[in-house]
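Participant: Below: one structure in structure tokens.
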Amino acid sequence: MGDAQARRRLALVGNPNCGKTTLFNALTGLRQKVGNYPGVTVEKKEGRIAVGATELVIIDLPGVYSLSARSLDERITRDVVLGRQAGTDPPEAILAIVDASNLERSLYLVTQVMELGRPVWLALNMMDAADAKGLTLDLDQLSQALGVPVIPIVASRGVGLEALRRRLAEPLPPAPTRRWRLPQVIETEVAALAERLRAGRWVDGAAAEGEAIRLLLNDAAEDDAPPPPDLQAAVEAARERLEGMGIEWWAAEAEGRYDWIRTVCQSAIRKTEQLERTTSDRIDAVVTHRLWGPLLFAGLMLFIFQSIFAWAQAPMDAISWMMDQLSAATRQALPSGAVSDLMVDGVLAGVGAVIAFLPQILILTFFIALLEDTGYMARAAFIMDRLMRQVGLSGKSFIPLLSSFACAIPGIMATRAIENAKDRLVTILIAPLMSCSARLPVYMLMIGAFFPSDQRLWGVFSTAGVILFGMYALGIIAAIAAGWLFKKTLMRGDSPPLIMELPPYRAPSPRTVALTMFSAAGQFLYRAGTVILAISMVLWFLATHPRQVALSRDYAGERAAVAELAQGSPAAEADAAARLQALERLEKAERLEKSFIGQAGKLLEPIIAPLGFNWKIG
Ligand SMILES: Nc1nc2c(ncn2[C@@H]2O[C@H](COP(=O)(O)OP(=O)(O)OP(=O)(O)O)[C@@H](O)[C@H]2O)c(=O)[nH]1
Ligand SMILES: [Mg+2]
């Protein structure tokens, strides 16, 4: 990108779950996480595209309902948009995005964004959902009423993106002006405060009015930095004057905005038919039912862990077959000796052990992605809210916990959507107790060692699947118990009630599901590929060295003798083959026993013997 290019920074701002990240990914070709529940994006992310001679820098942000932010992720959005974030240039313009099927509610934030003194475009996303709802939108009318360009899109299917891209590179539209009014006495106070802000150079000219409204009519979040004392004093004085006149200043902003929004919507939306109960509502009557909800949830989890066993076997066998072929080929290609042993028994065996677990991880993350992208995740939070509340946490803590099944790191990131600082910390502390997918192989090995794979429980469930479910359930229970302990001791305090939008159910997008699966698999391979490979090579070395050890028997000699004896008679040959194998096993066992690792195991034996283990486990 040359210097001659114009660069333009745009922030993507919209309500949670309105499709910001879907649009961001579609525009920039990046692969940020998308999911059908509020609070998926918790961090800002920049992407670039070139449109003609203009380079657009687009910033994806966490969703917010308004610019008066409460939780950490919301604060990121507010600070970026208001240009308060250190080290980040404020965006020159805002690409506001709304769910067109929920226009009235979505416009609240848009009206706030329109007061930032910066150009605004409005992308009307989910036009397909608006159609399905029977809404007809008059786009010209909407654009005129709002005073900003309006572009209809369906981000998930790429509809309208070309037009959007073009519009974004055109000369900037003028910054919109505020079109709704507060009661006159409040307007007077706002104007005075705005003047003060401009004079003190707190904010630049056009944004002062919006900032004055925020300062005057919003209670600051508790753990936000308060404004400078003299400003704070001016705000308090103004509020007192209003209260003296019997004005409820705290309700004025919402009333003023919504009154205006309602008239805008009335002029621009035509409803062709009134739909009573939507399909989502009907599904939710069962899914969030007091009794059926939790049962369904437990059943779903059980099914998922059953499937991991049922479906992973075939691909795992295929992988191990391929690894065998590869090992054999390697042995052929390399002269026998230490290098060949290292390659086959160390490297290839290690790699094989790692990728053998890929099918299971892909299956697990496939289901988690389905839960996330259909919209079930928000219901799971709702269902678990009752249980979580018993231990003093809110259902919101459950989404990060369930996401931690795939990997604890994004799970911990997801806690940013929790408003309450104590709850957030507790959730972060307990998230690692949830079993992340990289722990799956360990469970599988243990289950494989202790339970026969074909055993069934009550005829239907495979025992192994039930045990695995139990392991994960144990993780949840341990996490919740630890959470309870924290909330009882170090981090007392009530959790705010769970207020969370239940998004409509949506057909999961194959792209999103694939993305979730492959990024988890990638994480696993990366970690396993480095750590496990290194460990398995070290283990191989320790298990096979020292090479020159005094063995109790002359295995090579005995084998030769057996082979010689068996010459000629087929019956004797079969017998000899068995004895040869037995000899080899014995030799391997003795070499292992005398290797470094065997020695170490022997050293540990006295310690672990009381547990019923012998030196081999150590
Ligand atoms: N029907 C329909 N669904 C869409 C459209 N755009 C996005 N979605 C779906 O809406 C859901 C939310 O998408 P995201 O892109 O994660 O929403 P977001 O605004 O980034 O959400 P947060 O990061 O939580 O604020 C996903 O299930 C998308 O597949 C659209 O135009 N039509
Ligand atoms: Mg997002």
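The values are calculated or read from the model by the stated rules, or taken from the named source; none is laboratory data. Everything numeric in this text was worked out from a predicted model, so none of it was measured. All Cβ positions, even for glycine, are placed from backbone atoms using ideal geometry, and neighbour counts span all protein chains on display. Areas reflect the complete protein model, heavy atoms only, side chains present, ligands, DNA and RNA absent. Shrake-Rupley method; radii C 1.70, N 1.55, O 1.52, S 1.80 Å.
Participant: Collect the residues in region 111-161 that are within 25 Å of Glu253 (Cβ to Cβ) and within 14 Å of ligand 1 (Cβ to nearest atom), keeping them in residue-number order.
Facilitator: Hits for region 111-161 are Ala123, Leu124.
Participant: How many residues does region 95-106 hold that are buried (at least 24 other Cβ atoms within 10 Å of the Cβ) and either acidic (Asp, Glu) or more than 11 Å from ligand 1 (Cβ to nearest atom) (or both)?
Facilitator: The qualifying residues number 2.
Participant: Is it the case that some residue within region 164-183 is more than 37 Å from the chain's Cα centre (by Cα) and open to solvent by less than 20 Å² (accessible area, probe 1.4 Å)?
Facilitator: There is at least one residue in region 164-183 that is more than 37 Å from the chain's Cα centre (by Cα) and open to solvent by less than 20 Å² (accessible area, probe 1.4 Å).
Participant: Additional query: Checking the conditions here, which among Val148, Val110, Val98 is closer than 15 Å to Ile261 by Cα and in a loop (DSSP other than H, G, I, E, B)?
Facilitator: On the way: Val110 fails: in a loop (DSSP other than H, G, I, E, B); Val98 fails: in a loop (DSSP other than H, G, I, E, B).
Exactly one of Val148, Val110, Val98 is closer than 15 Å to Ile261 by Cα and in a loop (DSSP other than H, G, I, E, B), namely Val148.
Participant: Looking at the structure I just gave you, is Ala543 buried (at least 16 other Cβ atoms within 10 Å of the Cβ) and either at positive phi or at pLDDT below 70 (or both)? Write out each step before concluding.
Facilitator: Values: buried (at least 16 other Cβ atoms within 10 Å of the Cβ): yes; either at positive phi or at pLDDT below 70 (or both): yes.
In short, yes.
Participant: Does at least one position in region 42-52 carry a residue that is crowded, with 21+ Cβ neighbours inside 10 Å, in the same structural domain as Leu122 (by TED's automatic domain parsing) and either among the charged types (D, E, K, R) or closer than 22 Å to Ala514 by Cα (or both)?
Facilitator: For region 42-52, residues crowded, with 21+ Cβ neighbours inside 10 Å, in the same structural domain as Leu122 (by TED's automatic domain parsing) and either among the charged types (D, E, K, R) or closer than 22 Å to Ala514 by Cα (or both): present.
Participant: Mind checking which pairs have a first residue in region 100-122 that is in the same structural domain as Asn15 (by TED's automatic domain parsing) and a second that is open to solvent by 10 Å² or more (accessible area, probe 1.4 Å) and charged (D, E, K, R), Cβ under 6 Å, 6 or more apart or different chains?
Facilitator: From region 100-122, the pairs are Ser101/Lys133; Ser106/Asp99; Glu115/Arg178.
Participant: Right, another one. Contact list please: Cβ distance under 7 Å, first residue in region 367-394 and within 27 Å of Leu485 (Cβ to Cβ), second residue at pLDDT 85 or above and of a type in the set (Asp, Glu), pairs at least six apart or on different chains.
Facilitator: From region 367-394, no pairs qualify.
Participant: Something else: What is the one condition in (1) surrounded by 23 or more Cβ atoms within 10 Å (Cβ to Cβ); (2) modelled with pLDDT under 85; (3) farther than 27 Å from Thr415 by Cβ that Asp89 does not satisfy?
Facilitator: (1)
Participant: Within region 27-37, is there a residue that is within 10 Å of ligand 1 (Cβ to nearest atom) and open to solvent by 40 Å² or more (accessible area, probe 1.4 Å)?
Facilitator: Initial filter on region 27-37 (within 10 Å of ligand 1 (Cβ to nearest atom)): 32-37.
The next check asks that each one be open to solvent by 40 Å² or more (accessible area, probe 1.4 Å); those that pass are 32-33.
Scanning region 27-37 turns up at least one residue that is within 10 Å of ligand 1 (Cβ to nearest atom) and open to solvent by 40 Å² or more (accessible area, probe 1.4 Å).
Participant: Which one of the conditions (1) open to solvent by 40 Å² or more (accessible area, probe 1.4 Å); (2) more than 29 Å from the chain's Cα centre (by Cα) does Pro149 fail to meet, given that it meets all the rest?
Facilitator: (1)
Participant: Looking at (1) open to solvent by less than 10 Å² (accessible area, probe 1.4 Å); (2) at pLDDT below 95, find the lone condition where Leu124 falls short.
Facilitator: So the condition that Leu124 fails would be (2).
Participant: Considering region 53-85 alone, what residues qualify as being open to solvent by 10 Å² or more (accessible area, probe 1.4 Å), within 23 Å of Leu168 (Cα to Cα) and β-branched (Val, Ile, Thr)?
Facilitator: Scanning region 53-85 gives a single hit, Thr54.
Participant: Are there any pairs with C-beta distances below 9 angstrom linking a residue in region 219-234 that is modelled with pLDDT of 85 or more to a residue that is in a loop (DSSP other than H, G, I, E, B) and open to solvent by 90 Å² or more (accessible area, probe 1.4 Å), with the two at least 6 apart or on different chains, and if so which?
Facilitator: Once the first residue is modelled with pLDDT of 85 or more and sits in region 219-234, its partners that are in a loop (DSSP other than H, G, I, E, B) and open to solvent by 90 Å² or more (accessible area, probe 1.4 Å) give Leu231/Trp202; Gln232/Pro226.
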